[in-house]
Each structure stands twice: as C-alpha cells, then as structure tokens.
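Only one structure is covered here, and it is reproduced in the block below.
The values are calculated or read from the model by the stated rules, or taken from the named source; none is laboratory data. The model shown is predicted, which means the values in this text are computed figures rather than measured ones. No Cβ is skipped: glycine too gets one built from the backbone with ideal geometry, and neighbour counts run over all protein chains shown.
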Amino acid sequence: MELSDYLPIVVFLAAGLVVGLGILALSKVGRTKQNQVKGLPYESGILATTPVRQRFSIDFYLTAMLFIVFDIELAFIYPVAMVLRDAGATALISLLSFMFTVVVALVWVWRKGALEWR
Amino acid sequence: MNVVPALPLMIVAGGACVALLASAGPGGRVRRDGPFWAGAATLIAAAVMSLVLWGDRQEALGGGYRADRFSMLLNLVFLAAAFCALLFSVREPAGVDRRGEYISLLLTSTAGMMLVAGAGDLIALFLGIEILSVALYVLCALEVWRERSLEAGLKYLIVGAVGSSFFLYGLAFLFGASGSVKLSVIGENLSVASFTDEPLLLVAMALIVTGLAFKASAVPFHMWTPDVYEGAPTPITAFMATATKVAALAAFLRIFGGALTDLVDTWQVAIGVVAAASVIVGNVGALVQRNFKRLLAYSSIAQAGYLLIGVAAGTLQGAESVLYYLIAYTAMTLAAFAVIIIREREVEDGEMVDALAGYGRARPVVGVVATVAMLSLAGFPPLSGFIGKFLLFGSAAEQGLWWLAVIGAVGSVVSVAYYLRVLRVMWFGTPAHGGEPRKLLTIPAPVLITAVTAAVAVVGFGLGASLLMDVCRDAAAALLAA
Amino acid sequence: MEGIPLACYLGVSGGLFLLGLFGVLTRRNPLLLLLAVELMLNSANVALVGFSRYWNVVDGQVFALVVMVVAAAEVVIGLGLVVAVFRQRLALDVDALSSLKG
C-alpha cells in the first residue's frame, strides 16, 4: 500500500473534527435558553428509575479481573494454532505446558471459591 | 528443542505450581506444610541442577535462555536468597495464613530473576523482569489486613510499572537500532557499523538505564524504596533488597557489559553519574533514619551506587567485582534483615533502631550477627564488604574514573556513621523503659540458623575472597564469550 | 519499505508514550495511573511492530504479543490491589461506625 491510500482516513478524521468543532462553535453563537425539559438527564430518553451512580458489587470486579487474566491467554494460543503444522511437536508441547500452568491457576481459583457468585 | 539448560528455571516454575496446588489441596497437613516443603525441595533441586550445568554456554528455548557460568552463579545467589526468605517466613503472619500463595509467589519471582540472569534475547529479559516484579507486587501487599502493606504493594506496582515501561521502550528502540532481539546479534550488529552517534541508540540506552535504575532503586528513581521496604513484610523486604538488586544488576551486565560492551564510551558517563548520585543520596538519606528498615532501604540505594560504579568501569574486572560484591551484599543484607525479623516478632515497634537498645547484651548471638553485617556493609576489613568495595573502586580507578572511585570511598566513610550508630544503640544503649530490653521470645530455629549462616558467609567470603574471585572471574568472562 | 514510513509509527508511539508519562506525572487516582501506565506499555508495542516491519523480522511482533499479556497481568494485579485497598477501607469505616454506636 502507498501512503496516499490512507488519504480517506485523513479525510474522515478531518471531517469528524470539523463537525465536532463546528457544533461546539455554534453553541457559543447567539443566546441559549434553559428550560426544565432540557435539563433532564438523557434529554431524549427515559428517566432513570434507580440511582444512576450505583456501585457495582465487588464480586463483579473479581470476576471481571479473572476474565481478563484467562482471556488474554488467547494471545498466545492463536499464534501457535497458526503455525502448528509447520512447528510440529515443539510448538504443541510448549503450548501444552503453558496451558498446564493456566489450568493450575484455574484449579487454585476454583478451590479458593473465587468463581462462586455470591 | 533443547530444554536441559533451562531446567533450573523450569524446576522453580514447576515448584511454584506445586506449592500453589498444595495450598488448594485436600486440607489438613498437605495444606499446612506442603507448600513449605515443596518450596524447599524445589530450591535445593534447582541449585543442584545449576551446579550440574556449570560450564560453557548452552542455549535453550530457541536461544532465549543461556545457561553459562554467569547465569548459573547468579542462579545460586537467587536460590540462596529465596531459601533464606523461605526460612525467615516460618511462622511469619503472612506466611501462615496464605502459605501456598506466599511460597508460590516467592518461587515465581525467583524464576523471573533466573530468567533475567540467563536471558539470551530482549524478550526473555523483559519477561524475566516482569515476572519477578509482578510476583513481588503481590508479595508486598500480602499482609492485606495491614494498610501499610497494601499501600506498599500498590505504590511499588505503579512505580515499578512505570519503570518497566521505560525499560520496554528502551528495548524497543534497541531492537529498532540493531534489527535483532538476540543479545549476541545486537552486539555484533552494533559493533560492525559505528552506530555510536545514532540518536535512536542513544535514546534506547537512556531509557534502559532509566528503567533498570527503577528496578535497582538507583537515583533518581529511588523515591519508592524507603516506603515500599518499610511497608512490605520484612522477609519479603529482605528478599527484595537482595535478589531484586542482583537481578537488576544482572540485567545491567547482560546489556551493557555484554551486548553493548563495545560502546562503553557512550554509556560510561551516564551510568557513572547515576552511580555517584545513588551513593550520595543513599548515604545522606540514611544518616537521619530512625526506622531500621528505612535505614537499610537508604543504605541499599547507596549499595546500588557502589555496584553501578563497577558496571560503569565497563571492563571484565569491573564485572567480576560487581559479581563478587553482589554475593557479599546478599549475605550481609540478609544478616541485617534477620535482626529486624527477630526483633519485630517480639515488640510492636521492632523495626525501629531504638527498639534494639541493649539488645546485643541480652542476645549476644544476634548482636554478633548484626555487628558482622553492619561492619561489612560499612566496609571494614577483612570482611567481604570491604574487599568488594575495594575491587569495585579499583576497577573504576583503573579506567581513569577517579572521580567515581573517590565519591564511592567518601560515601563509604559517611556510611560508617549510621551503621555504627545502630551498633552503638545495640551494645551500649539503654532501653527506654530501663533495665532489660522488653519481651524476649524464643527465636524460631530456622530464622536464627539463617541469620548465623549469613553472618558466617559474610566473614567466609572475606577470608576466602581469592577463591570466590576466581569463580566470579569465570562467570564474568561468560558475559563476553561468543 | 512500502506503505507507512517508520517515522509515522515512531511518531504515534512517541506521542502515546508522552501522553502516558504526562498522565503518570499529573494524576493521583490509582486507576488513572494504571491507565496511563498501560498507555506507555502499549506505545512500546506500536514501536516494536513498526521496527519489526522496518527490519522485516517477526521478532518484534512476538515481543509485542508478550508485552500485551504482561500488561494485562500487571493491570489485573493493580486492579486487585485497588479493590483490596477499597475493601479494607470499607471494613475500617464499618468498624468506626460500630464503635461509635458503643
């Protein structure tokens, strides 16, 4: 690809910038009126029925963190899968030993009860 | 694929898995004692394997790991430090409640250090640094009921991660300047073409020095050290102060002493300035500390400075002095921390220098251990600390770096003041509440044995210096071996 | 080399790195600090991939993959510590309340 092929991206970015800045600039022009409807949260949506700034349960964070840890292993598994045919047994054994350590971690997490949703 | 040279590394990593599984085991004895024995057996097995592999370079893991005399010698240092930390942790609060996690993380961190010492390419180097750091972040925070401990962990994590980013960015530029991640190829590529003026390479070296200075707690990136050392559980502080410093210096030697050795003129002054600043800041900071852990933290900043003086020399002689001093430093620092660990269990404020008032008279054995450690850290002959400093400053002076040698020597003289202050309090001080030091409990045998062994090692390394120097010379030569 | 010149990669990467550094130096919230550090690590990834293309070797890309995983591990530890601190503060607060009630 030539550098000029990326021109559409630049045009897109420029257009986005113009629209965004334009709206900002227009809002400064002329007088603005405040009324009750404008001040509502979610101007064009429905009213929130529960407190919006509610805290999540801490278990949510725990599960989310565990998800990230186990999810990111894919970054290694996918490349190995791509070259498995050429790299052969070496790649497979490496991957399996890696997976083994991940399973050890999983067993530990499980036994410690971190997977239970309380 | 040849995995044999990487066996020590794999044994330790496997041991970490076993310890973790044991802690989640079927309860009872396995859960209580399993991790400890798994950890001890792992460390011993890895040490034996390292001795077996002592010899010329063997590559493993596609050249990512190099088992040579350099990495095997440092393996032994890491394993010894981990073993001491393991013994220090017997009946330690953090060690009791979460024994499996504690020991597993200790082993993981050790494996990371071993990977750093034997790194054959930049990826392994970065990975090793990260494995050791990430495990240590958690270890620092493991006493979750203590807010200080948690804050130490969080602080260490943020500062450490920033350091890692600098280091990584430097490695990326080093890769960009040389076109390879293999340390040996980088050396060749850069020495063939005269790349010395290439801005990319200069930026790379500056970033790498910055990143590693974070890890070695050298000035100007030392600010985290006293807080983290103070907040972390003391056995972990002892492990951090010794093994992490050894690993960071190993990385310095691998990159600057090994791969970039031909560009010594370019990086010599930069590392020299960092070294001099560390010596000054560390020693001045330690003078006013009343907390023994903080005092040792500042002292360790100064020690990092002494060690970097040897790196700045950029010669084989410099590298072997660094290795010798690393070994001596590990022994004397472990001995010093053992004193805190023992006292800390007896009284609430055991980490304060004043809590040791009259302690030497009440417990002569601990007193002697502390005396040996402090005198060696201050650099009194014939202890190993003196010989190490003598070699380090000598190697710098030989390269015409007189200013560095002088700053190092003056720093050591200043350091005598605060090291001897500890000893004065210990032997001649009177406890605040009169008479005897408060509450003397029985010292757990493993802790006492470790403390005495470390002190004996400090003396032994001094008396047998020529023998140890021969070993270090072989190890340093492996850095440059093709 | 065809396509985007190396300078573009380095420009983006350098910009991200400085942005992250700026964040680290100016923010005090641990979560935002983690975010900034993540930015710094990933800026190195951009540089690595750029250099990898420039030299036409895959090592840099492998490095970038490793860095991604490491960065994820680091950020999870960070989040875990933040949650632990939060939990402990909460526990302290609860204690304070009960002691007030007598």
Could you please give the count of residues in region C:22-44 that are in contact (Cβ under 8 Å) with a residue 12 or more places away in the chain and more than 8 Å from chain B (Cβ to nearest Cβ)?
8
Being buried (at least 20 other Cβ atoms within 10 Å of the Cβ) and closer than 20 Å to residue B:164 by Cα: is that true of residue B:203 here?
no
Residue B:187 passes all but one of the listed conditions (1) among the small types (Gly, Ala, Ser); (2) crowded, with 20+ Cβ neighbours inside 10 Å; (3) within 13 Å of chain C (Cβ to nearest Cβ); the exception is number (3)
Evaluate region B:68-84: report whether one residue or more is part of a loop (DSSP other than H, G, I, E, B) and either in contact (Cβ under 8 Å) with a residue 60 or more places away in the chain or buried (at least 21 other Cβ atoms within 10 Å of the Cβ) (or both).
yes
Say we look at region B:21-40 and pick out the residues that are away from chain A (no Cβ under 14 Å) and closer than 21 Å to residue B:79 by Cα; which of these is surrounded by the most Cβ atoms within 10 Å (Cβ to Cβ)?
B:39
(1) modelled with pLDDT of 90 or more; (2) at the interface with another protein chain (Cβ under 10 Å from one of its Cβ atoms) all hold for residue B:101 apart from (1)
Hey, which of the helices (runs of 4 or more DSSP H) in region A:58-111, taking only ones fully inside, have at least 1 residues that are farther than 23 Å from residue C:85 by Cα and within 9 Å of chain B (Cβ to nearest Cβ)?
A:89-111
For region B:123-171, give me each residue that is under 24 Å from residue C:10 (Cα atoms), within 7 Å of chain C (Cβ to nearest Cβ) and over 18 Å from the mean Cα position of the chain (by Cα).
B:123, B:161, B:162, B:165, B:168, B:169
